[in-house]
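Below is one structure, written out as structure tokens, with a few remarks after it.
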Amino acid sequence: MSAEVLHWRWETRDPGVADQVVRDTYPGSALKQLSSFGRFTQVLDGDAGVNEVRMRLEGSFEGASIMGDEVLVVLPTAGEFAWSVGDERGMGNHPFLCQPGDRIRSRQADASLQLMSFDAGAMAGFAADAYGMPDVDVRFDGPDPVSPDLERFWIATAELAAAVFRDPALDAMPIVHATTRRHLAMVTLEAFRLAGEPEVRLAAMGRRQRLRGRAVAYLDEHAHEPITSDDVARAVGVPTRVLDELLRATAGSTTADLLGRARLAGAHAELARADAESTTIAAVARAWGYRDAAAFARHYRAAYGRPPSHTLRS
């Protein structure tokens, strides 16, 4: 079941309204205007589990918050911004992370902010999917990124996620949103230092990545054969249910979904290089496991945005 997609915007010059908007968005928070003039703009896109907020604060403001049931990454993108999370302090255009129970204070002047918010329960679920460890401790060891390289990786990933969350044309594509949420959460889990033993998490993630790689390689090599999800699972060496759960967690798809995509990709490649005079759509569909040419055409159009006949003739 997909989450309801949200697109909200607030803009005000009334400091009381600005404070109330912040309190409504982030319970336990407050915003105080320090300058005689101020304008506050906030835009939210995403859903209740993962969303992006863009804030613009014209003038000088002071903020305070006690984090509730969410994990929040804040990226100042313009203006002056100084923050403290507990005993940790920072300033400038670098992302920092806050988690449930953190006390945050900030001072900003003519600042623009990008905030990525994760429901804490959703983040725990993403961590369990990533590491295959349902009891993994989703506590972060401080607000700063692990390294400058991972900081840059997180910023780039956040921009890609924001483009998806902001686009109303993608609201009716729950798979796109689900994949984006998962990818952003996984990068956040790696870019900011988790508490606990990293070796255990890395070993669990490495094994899952190897199993996924073996499954995808087998699918690519045998997609033209009459194989089933059970055949893929046997080749990888795990039960079908386990492989489906792993692929659903790491790729947002079941074994059957990936098999269907591999077969469509194989059919697409064959159509692209085939002789239109001696090849039929029905023959290519049968060769790649489709008994019904009409069903093949529907799936092909959904995947490639055009009918298979167009590829065959081009």
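The values are calculated or read from the model by the stated rules, or taken from the named source; none is laboratory data. Just so you know, these numbers come straight off a predicted model, no measurement behind them. Cβ placement follows ideal geometry from the backbone for every residue including glycine, while neighbour counts extend to all protein chains displayed.
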- request: Just need a number here: residues in segment 182-197 that are in a helix (DSSP H, G or I) and not small (Gly, Ala, Ser).
  value: 8
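Identify, from the list Leu72, Leu44, the residue that is more than 22 Å from Met186 (Cβ to Cβ), part of a strand (DSSP E or B) and under 21 Å from the mean Cα position of the chain (by Cα).
Criteria check complete, one pass: Leu44.
Condition check ((1) among the small types (Gly, Ala, Ser); (2) farther than 23 Å from Ala161 by Cα; (3) assigned by TED's automatic domain parsing to the domain that holds Thr180) across all residues:
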| residue | (1), (2), (3) |
| --- | --- |
| Asp24 | no, yes, yes |
| Ser29 | yes, yes, yes |
| Thr41 | no, no, yes |
| Asp47 | no, no, yes |
| Glu52 | no, no, yes |
| Glu62 | no, yes, yes |
| Ile66 | no, yes, yes |
message: Looking at (1) exposed (fewer than 15 other Cβ atoms within 10 Å of the Cβ); (2) under 20 Å from Val176 (Cβ atoms), which one does Phe37 not meet, given that it meets all the others?
response: (2)
- request: Please work out if Arg273 is of a type outside the set (Asp, Glu), without any contact (Cβ under 8 Å) to a residue 60 or more places away in the chain, closer than 29 Å to Arg208 by Cα and out of contact with any strand residue (DSSP E or B) (no Cβ under 8 Å at 6 or more places or on another chain).
  value: no
task: Please specify each residue of segment 285-310 satisfying the condition of being under 23 Å from Glu221 (Cβ atoms), out of contact with any Phe, Trp or Tyr (no Cβ under 7 Å at 6 or more places or on another chain) and assigned to a helix (DSSP H, G or I).
output: Arg286, Ala287, His299, Tyr300, Ala303, Tyr304
- prompt: Among the residues of segment 60-69, how many are assigned to a strand (DSSP E or B), among the charged types (D, E, K, R) and over 18 Å from Gln33 (Cβ atoms)?
  reply: 0
- request: Could you grab the pairs with beta carbons closer than 6 Å, sequence gap of 6+ or different chains, first residue in segment 193-220 and surrounded by 18 or more Cβ atoms within 10 Å (Cβ to Cβ), second one at pLDDT 80 or above and part of a helix (DSSP H, G or I)?
  value: Leu211/Val236; Ala215/Val232; Ala215/Val236; Tyr218/Val232; Tyr218/Ala235; Leu219/Leu258; Leu219/Leu259; Leu219/Ala262
message: On the basis of being more than 30 Å from Phe126 (Cα to Cα) and surrounded by fewer than 16 Cβ atoms within 10 Å (Cβ to Cβ), does Ala303 make the cut?
response: no
- prompt: Identify, please: which residue in segment 237-259 is of a type outside the set (Lys, Arg) and in contact with a Ser or Thr (Cβ under 7 Å, 6 or more places away or on another chain) and is, among those, nearest to Met123 (Cα to Cα)?
  reply: Gly252
query: With Ala48, Ala30 as the choices, which residue is at pLDDT below 95, in contact with a Gly (Cβ under 9 Å, 6 or more places away or on another chain) and of a type outside the set (S, T, N, Q)?
result: Ala30
- prompt: Hey, any hits in segment 293-306 for a residue that's touching a Lys or Arg at 6+ places or on another chain (Cβ under 6 Å) and either farther than 22 Å from Thr240 by Cβ or modelled with pLDDT under 90 (or both)?
  reply: no
Residues located in segment 248-284, provided they are in a helix (DSSP H, G or I) and farther than 21 Å from Val216 by Cα: Leu271, Ala272, Arg273, Ile281, Ala282, Ala283, Val284
message: Just to check your reading of the model, which residue among Val17, Val50, Val71, Val21 is buried (at least 16 other Cβ atoms within 10 Å of the Cβ) and without any contact (Cβ under 8 Å) to a residue 24 or more places away in the chain?
response: Val21
